[in-house]
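So the structure is just underneath, and the comments pick up after that.
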Amino acid sequence: MRGDDYVGSLIAKRIIEATDSSFPDHVFIFDAEDSPENLISTLSKIGVHHVVFIDACEMRKRPGETALLSVAETSYPFFTTHGIPLKVLAENLLTGCEVWVLSIQPKQTELEEELSPELRETAEHVADFIIAGLSEGGDEIA
């Protein structure tokens, strides 16, 4: 419902669909939609060591530009639209994990707007990259 803010969900959905949910044993893909905090207990139970959130984040860059950031490198308030900042979730609930954010600069986040062409293109490239890595066993992206 927030235009380019949908990019993370679109990427997750595309990966899950393209791989028929067949991932290496050490790789899990979840679509957190707009509530990543709902996945924290699941991630804790699995015992993950590395977590990568994919999210539209305001970075003052060109629409569709990406950056892989350690959550530890970010500052309060974190630059997403979630109710609980990812940094707060990571620091308090994912202790012992390396947590990263694949940040994608949105073009627009108005209510009920469609994904911009720039972010749709970026989503395709990111999903293709991850799908290729998973098809090679996932070791390169894990």
Determine ³J(HN,Hα), in whole Hz, for all residues of the range 46-63 in sequence, where each value follows from phi through the Karplus function 6.51 cos²θ - 1.76 cosθ + 1.60 and θ = phi - 60°; x replaces Gly and Pro. 5, x, 5, 10, 9, 10, 10, 8, 10, 8, 6, 9, 6, 10, 6, 10, 5, x
Assertion target for Thr19, Thr42, ordered by fewest C-beta neighbours within 10 angstrom first, is Thr42, Thr19
Extension gain, Ser41 back to Met59 (0.36 nm per residue minus Cα-Cα distance, nm): 3.6 nm
Treating every alpha carbon of the range 3-135 as one equal point scatterer without solvent, the Debye formula yields log10 I(q)/I(0) values at q = 0.11 Å⁻¹ of -0.37
What does the highest-first list of 22-28, 129-135 look like by mean Cβ count within 10 Å? 129-135, 22-28
DSSP bridge pairs, the chain: antiparallel proportion in percent, nearest 5: 40
For Trp100, distant residues with modelled amide H under 5 Å away: Val51, Val52, Phe53, Val71
Taking θ as phi - 60°, what are the ³J(HN,Hα) couplings along the range 36-42 by the Karplus curve (6.51, -1.76, 1.60), each to the nearest whole Hz, with x for Gly and Pro? x, 4, 5, 8, 4, 5, 4
Quick one: which residues, 5 or more positions from Leu115 or on another chain, have an amide H under 5 Å from its amide H? H modelled 1.01 Å from N in the peptide plane, none for Pro or chain starts. none
Near Lys45, which lysines are there with a Cα under 29 Å away, not counting those fewer than 8 places off in the same chain? Lys13, Lys87
Placing each pseudo-label 7 Å from Cα in the direction of the beta carbon, Ser70 and Glu121 end up separated by a distance in nanometres of 3.3
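Laboratory data are not the source of any read-out in this text; all were calculated from the coordinates shown. Since we're looking at a predicted model, the values are computed, not measured. For neighbour counting, all protein chains shown are included, and Cβ atoms are generated from backbone atoms with ideal geometry for every residue, glycine included.
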